[in-house]
1. Which pairs turn up if I take residues in the stretch 1-23 that are in contact (Cβ under 8 Å) with a residue 60 or more places away in the chain and look for partners that are of a type in the set (A, V, I, L, M) and open to solvent by 60 Å² or more (accessible area, probe 1.4 Å) with beta carbon separation below 8 Å, at least 6 apart in sequence or on another chain?
2. Against the conditions (1) in a helix (DSSP H, G or I); (2) open to solvent by less than 60 Å² (accessible area, probe 1.4 Å), where does ALA84 fall short? Just the number, please.
3. Out of curiosity, is ALA231 within 19 Å of LEU28 (Cα to Cα) and under 20 Å from the mean Cα position of the chain (by Cα)?
4. Take the stretch 38-74 and flag every residue that is in a loop (DSSP other than H, G, I, E, B), surrounded by fewer than 22 Cβ atoms within 10 Å (Cβ to Cβ) and touching a residue at least 24 places away in the same chain (Cβ under 8 Å).
5. Name the single residue, out of those in the stretch 160-206 being over 26 Å from LEU228 (Cα atoms) and of a type in the set (Gly, Ala, Ser), that is surrounded by the most Cβ atoms within 10 Å (Cβ to Cβ).
6. Got at least one residue in the stretch 54-74 being among the hydrophobic types (A, V, I, L, M, F, W, C) and either in contact with a strand residue (DSSP E or B) (Cβ under 9 Å, 6 or more places away or on another chain) or more than 30 Å from LEU237 (Cβ to Cβ) (or both)?
7. Can you find even one residue in the stretch 210-233 that is closer than 22 Å to THR127 by Cβ, part of a helix (DSSP H, G or I) and either at pLDDT 90 or above or of a type in the set (Val, Ile, Thr) (or both)?
8. Given the structure, is ALA109 open to solvent by less than 60 Å² (accessible area, probe 1.4 Å) and farther than 28 Å from LEU222 by Cα?
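The values are calculated or read from the model by the stated rules, or taken from the named source; none is laboratory data. Worth saying up front: this structure is predicted, and the values here are computed from it rather than measured. All Cβ positions, even for glycine, are placed from backbone atoms using ideal geometry, and neighbour counts span all protein chains on display. Accessible surface is based on the protein model in full, side chains and every heavy atom, while ligands, DNA and RNA are left aside. Shrake-Rupley method; radii C 1.70, N 1.55, O 1.52, S 1.80 Å.
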Amino acid sequence: MGTFGFLGLLAPLIAPYDPHAISGASLLSPSLHHLLGTNDLGQDVLSQLLFGARESLLVALAASSLGTVVGVVLGAWAGLRGGAIDVVAMRTVDVALAMPALPLLIVVAALAGPNDLVVVLAVASVTWPPIARIVRGQVLSLRSRGFVGAARGFGGGSLYVTRRHVAPAAGPLIASQFVDVAGTAIVLYSGLAFLGLANASTSSWGGILNRAATYPGIYDSLAWTWWLVPAGLSITLAVLGFALLGLGMEPGFNPRWARFS
């Protein structure tokens, strides 16, 4: 993941061409001038991939960050308050978890139009429920401990207890869940871009797949090998990177692993 982040960050400096500029003939095969060839418009595919890493990771991380914040706040609030608030909050989480994510995103994005902000809000709306449930369970465990009871006994409100005690104690677990959600967000964003429901004025891996897959006769030549495959492989490697990172963080951050160590 560090490699994709590094390449995306330095994309304006290391990309050989402007990703939207016509830099050669249509569907040029890979060469020294175009390492991954060109697309149907003559745009450099490597430059589009580099800027696509920047856009895809930025949107995915923004969506997962927003989803994580919402999930942590709602889960901590429900766990600390308990009673009817906890019941209503958890039933809301159950309904959100039961709704199919991608069809819901497609409907929202189609109605709101192709806009990065809309995509971020839409993806965040389907990534917060798992985090809320996990944080709420962690808070229920912490609530019975003396330091939390003492803080509340001295007049500490829900926000203070969450910031001062819950967040530090549950922080490692939240970080692990954030990594998992980020991988899911990349898949969802790439899926929306592939369906043409993301901002077409920016380069993204899903947008590259969309244009390549809809090109007539793409599979009648070798153009798919340098136009279609690299973008799909980038998405796969990015999601795999997040999954492996989350898996590596899990033993140290998830208290359930302590039972089997």
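1. Taking only residues 6 or more apart or on different chains, the pairs are MET1/LEU245; PHE4/LEU237.
2. Tallying (1) in a helix (DSSP H, G or I); (2) open to solvent by less than 60 Å² (accessible area, probe 1.4 Å), ALA84 fails exactly one: (2).
3. Numbers: within 19 Å of LEU28 (Cα to Cα): yes; under 20 Å from the mean Cα position of the chain (by Cα): yes.
It is true that ALA231 is within 19 Å of LEU28 (Cα to Cα) and under 20 Å from the mean Cα position of the chain (by Cα).
4. First, the residues of the stretch 38-74 that are in a loop (DSSP other than H, G, I, E, B): 39-42.
From the residues that got through so far, the ones that are surrounded by fewer than 22 Cβ atoms within 10 Å (Cβ to Cβ) too are 40-42.
Residue satisfying the conditions is ASP40 alone.
5. Among those that are over 26 Å from LEU228 (Cα atoms) and of a type in the set (Gly, Ala, Ser), it is ALA170.
6. Of the residues in the stretch 54-74, the ones among the hydrophobic types (A, V, I, L, M, F, W, C) are 57-63, 66, 69-70, 72-74.
From what is left, the residues that are either in contact with a strand residue (DSSP E or B) (Cβ under 9 Å, 6 or more places away or on another chain) or more than 30 Å from LEU237 (Cβ to Cβ) (or both) are 73-74.
Checking the stretch 54-74: at least one residue is among the hydrophobic types (A, V, I, L, M, F, W, C) and either in contact with a strand residue (DSSP E or B) (Cβ under 9 Å, 6 or more places away or on another chain) or more than 30 Å from LEU237 (Cβ to Cβ) (or both).
7. Of the stretch 210-233, the ones closer than 22 Å to THR127 by Cβ are none.
No - not one qualifying residue is present in the stretch 210-233.
8. Values: open to solvent by less than 60 Å² (accessible area, probe 1.4 Å): yes; farther than 28 Å from LEU222 by Cα: yes.
Yes.
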